[in-house]
1. Looking only at segment 171-220, count every residue that is within 16 Å of ligand 2 (Cβ to nearest atom) and of a type outside the set (Gly, Ala, Ser) and tell me the total.
2. Given (1) within 20 Å of the chain's Cα centre (by Cα); (2) buried (at least 20 other Cβ atoms within 10 Å of the Cβ); (3) basic (Lys, Arg), where does residue 289 come up short, assuming only one miss?
3. What are the residues in segment 323-338 that are near ligand 2 (Cβ under 9 Å from one of its atoms), outside any loop (DSSP other than H, G, I, E, B) and surrounded by 15 or more Cβ atoms within 10 Å (Cβ to Cβ), if any?
4. Report, by residue number, each residue of segment 1-50 that is surrounded by fewer than 21 Cβ atoms within 10 Å (Cβ to Cβ), within 16 Å of ligand 2 (Cβ to nearest atom) and among the polar types (S, T, N, Q).
5. Please report, ordered by residue number, the helices (runs of 4 or more DSSP H) entirely within segment 221-319 with at least 1 residues that are within 10 Å of ligand 2 (Cβ to nearest atom) and of a type in the set (Val, Ile, Thr).
6. Tell me the residue from 197, 209, 183 that is part of a loop (DSSP other than H, G, I, E, B) and buried (at least 16 other Cβ atoms within 10 Å of the Cβ), please.
7. Looking at segment 216-226, is at least one residue within 16 Å of ligand 1 (Cβ to nearest atom), crowded, with 22+ Cβ neighbours inside 10 Å and among the charged types (D, E, K, R)?
8. Is it fair to say residue 23 is modelled with pLDDT of 95 or more, of a type in the set (Phe, Trp, Tyr) and either outside any helix (DSSP H, G or I) or under 20 Å from the mean Cα position of the chain (by Cα) (or both)?
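The values are calculated or read from the model by the stated rules, or taken from the named source; none is laboratory data. Values in this document were obtained by computation on a predicted structure and should not be read as measured data. Note that we place each Cβ from the backbone using ideal geometry, even for glycine, and neighbour counts take in every protein chain shown.
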Amino acid sequence: MSEPLKRVLVTGGAGYIGSHVIFALQETRRYKVISVDNHHNSSPKAIERVAQIARDNLPANATAQDKDSAEIDAYTVDLTQRDQVRKVFEKYGKGGIWGVIHIAAYKAVGESTEIPLTYYENNVAATVYLLQVMSEFDCTRIVYSSSATVYGTPPIIPIPETTRLQAHSPYGKTKVMCETIVSDLCSAEPQRFRGLSLRYFNPAGAHPSGLIGEAPIGRPGNLFPLLAAIAVGREPNDLKVFGNDYPTPDGTCVRDYLHVLDLAKGHLLALDALAPESKAFDDCPTEARYKAYNLGRGKGMSVLQIVEAMRKATGFDYKYEIVGRRRGDVPDLTADPALAEKQLGFKAEQDLETMCKDLWNWQTKNPKGYDSN
Ligand code: NAD
Ligand code: WQD
């Protein structure tokens with residue numbers, strides 16, 4: 001007899017990373033996924049598609065519980081509305097939700113400098129409300145989606161988790177604040193709360209089925225989705241490379257790209273670390289059961305290397321122009337992934353070629369994102 005399914009609530013489940021995290025959760029057939037999203041930056045179709053992948057992957061001898069794990073309880077909920085969040089928890093009762101993976105947030109760095117209050121409300125206030133409701137319903141395990149952006153301009157490359165946090169943008173500051181809030185709660189109630197922050201480096205790629213992927217609205221601001229949109233003909237062939245005078249091997253910025261499915265699998269390891277039987281917090285210097293981990297490959301890639309890799313994957317002849325530096329960019333953000341490997345057993349396995357191939361597969365099957373067909 002297998003263990004009963006653990007209910008895990010994923011916020012932002014319809015988004016790029018959330019949908020891949022749900023895939024990873026369902027693949028184990030150990031969890032029952034509850035997704036909450038207000039679809040500010042996502043399509044409800046992502047939830048339908050990821051459930052379809054889970055159903056298609058069920059073995060012929062699937063049990064009723066396996067079949068249940070392939071279905072998602074999805075709610076349209078705005079996390080800034082505490083009552084909406086409470087209603088979801090009420091459905092499952094006290095202790096009914098095993099843990100939360102809190103992924104939902106606004107994430108555009110430039111926009112956050114223009115409307116900081118909106119970012120603080122959506123990312124920080126909503127996190128406070130979520131934690132309040134979790135506490136009320138005795139749900140005390142949380143994995144928080146943080147970002148390499150918390151390191152600002154890091155003094156040491158590769159970046160260890162011990163680096164001082166000094167985010168530059170309001171967006172980045174919301175990530176630092178939420179990490180602090182989760183950590184403070186774990187300190188205040190060490191016998192109840194356990195939390196992990198996962199500092200994502202640059203996720204790329206998509207599920208190899210081409211059913212789920214990143215679907216930005218309008219012209220993509222990030223490099224990978226922009227290169228995919230150009231190759232598929234949705235954007236003109238006019239890439240601007242922001243600066244080639246950085247202190248890096250080819251002068252363009254270096255980032256630590258990792259496959260979104262590797263990133264998603266990191267969340268499974270994080271959930272295991274939050275389980276009561278886990279020893280993950282035994283070495284904590286204080287009573288608090290809270291830790292933060294980098295999720296990256298530890299391999300830096302320059303903008304020009306990415307353009308070349310996407311050229312190989314797509315066969316598209318990119319034209320690009322070197323222009324001035326983009327405000328807020330830092331020369332190099334490469335993770336030191338050693339701590340996550342040692343303590344969580346996390347290792348990003350998939351290479352750049354696979355990221356490009358899977359992104360291109362998703363993009364060609366969905367040239368206009370989820371509304372392509
Ligand atoms: P995304 O925009 O695709 O997904 C976020 C999801 O959260 C969306 O579906 C959106 O509709 C939802 N959401 C936002 N505000 C909400 C609210 N108030 N109530 C309910 N749902 C809400 O973004 P993503 O790329 O999947 O990023 C997910 C998380 O990872 C974010 O926290 C982001 O800061 C973090 N992160 C992303 C990257 C990256 O490069 N994509 C890197 C580092 C960290
Ligand atoms: C990568 C490199 C650009 C577009 C951002 C956020 C970060 C995190 C991930 C959430 C940079 C260069 C890009 C273009 C270019 N998100 N570039 N021309 O800036 O590393 O990270 O997303 O936490 O917080 O800042 O990713 O894909 O935008 O840029 O030359 O048209 O590509 O300068 O060096 P970035 P990106």
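1. 19
2. All conditions are met except number (1).
3. So in segment 323-338, the residues near ligand 2 (Cβ under 9 Å from one of its atoms) come out as 323, 325-326, 328-331, 333.
Restricting the remaining residues to those that are outside any loop (DSSP other than H, G, I, E, B) gives 323, 333.
Scanning segment 323-338 gives a single hit, 333.
4. Residue satisfying the conditions is 41 alone.
5. Ranges flagged: 223-231, 303-314.
6. Every option except 209 fails the conditions.
7. For segment 216-226, residues within 16 Å of ligand 1 (Cβ to nearest atom), crowded, with 22+ Cβ neighbours inside 10 Å and among the charged types (D, E, K, R): absent.
8. yes
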